[in-house]
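Just so it is clear, none of the values below were taken in a lab; they were calculated from the coordinates. Since this is a predicted model, take the numbers as computed values, not measurements. Reconstructed Cβ throughout: ideal geometry from the backbone, glycine too, with neighbour counts over all protein chains shown.
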Amino acid sequence: MSKRFKTQDYAKFKKLGIRWRKPSGRQSKLRVKKTGSGMLVKIGYGTAKSIRGKIQNADAQLISNVSELNGRKAVIISGSVGLKKAQAILEKADGLGIKVLNSRRIKDGLKSRKEKIKKQVGAVKEEKKEAKETTATENKNETQKTTEKAATETAKTTEM
């Protein structure tokens, strides 16, 4: 529904949100069509048949793989398509000069994926760094112990 049709009392209660629900209350002013109480959904508010279902006045087709791209002017990539395949479709469409109407979903997904990979790589690097530091301190401790043992052994041999 359009944002001009709003649920009754949407401004009073945040949980209602800006969406449409048919008024069903017994004393509902919107149900009784009282003037000034808001717009009620009616047949006359419909969109013209020539542009109904079109996005940005483009004859867009829903596609789910690269082979369906040929001969189109504008496409919408299906929501069930994964990120890798969607990226391949987007690159091919750019090459052919085809407009992808929901490309933002893919670009946002790629951005979040790259950030996630950066975080994982950063965590792995930190783990390796910590492991190096711990091994270095362990090696230092072992060398100190061996030098102490050697010193005590030499002290014992010199005493005898």
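Data for the structure
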{"read-out": "Relative contact order (%) - criterion: Cα under 8 Å, at least six apart; region: the chain", "value": "11 percent"}
{"read-out": "J(HN,Hα) series, region 66-72, from Karplus relation 6.51 cos²θ - 1.76 cosθ + 1.60, nearest Hz, glycine and proline x", "value": "5, 5, 7, 6, 4, x, 10"}
{"read-out": "Difference of contour (0.36 nm per residue) and Cα-Cα distance, residue 92 to residue 104", "value": "2.7 nm"}
{"read-out": "Under 5 Å, built H, 5+ apart or other chain: amide partners of residue 60", "value": "55"}
{"read-out": "Cα→Cβ-extended label distance, 7 Å offset, between residue 140 and residue 55, nm", "value": "5.9 nm"}
{"read-out": "Computed E for residue 29/residue 4 - FRET, C-beta separation, R0 30 angstrom, nearest 0.05", "value": "0.95"}
{"read-out": "Descending Cα extents along the principal axes, region 1-120, whole Å", "value": "57, 44, 19"}
{"read-out": "Phi to ³J(HN,Hα) by Karplus 6.51 cos²θ - 1.76 cosθ + 1.60 over region 21-35, Hz, x for Gly, Pro", "value": "9, 5, x, 10, x, 5, 10, 5, 6, 5, 5, 7, 6, 6, 4"}
{"read-out": "Computed over region 60-101, Cα set: Rg, Dmax in Å", "value": "8.8, 23"}
{"read-out": "Most mobile listed residue (50, 37, 78) in the chain, GNM with C-alpha springs under 10 Å", "value": "37"}
{"read-out": "With eigenvalues of the C-alpha gyration tensor scaled by 5 and rooted, region 1-46, Å", "value": "16, 15, 9"}
{"read-out": "Distance violations [Cα-Cα > 23 Å] among 3/54; 3/49; 84/125; 14/42; 84/119; 92/118", "value": "84/125; 14/42; 92/118"}
{"read-out": "Backbone HN-Hα couplings from phi across region 5-12 [Karplus 6.51/-1.76/1.60, Hz, Gly and Pro as x]", "value": "9, 10, 5, 4, 6, 5, 6, 7"}
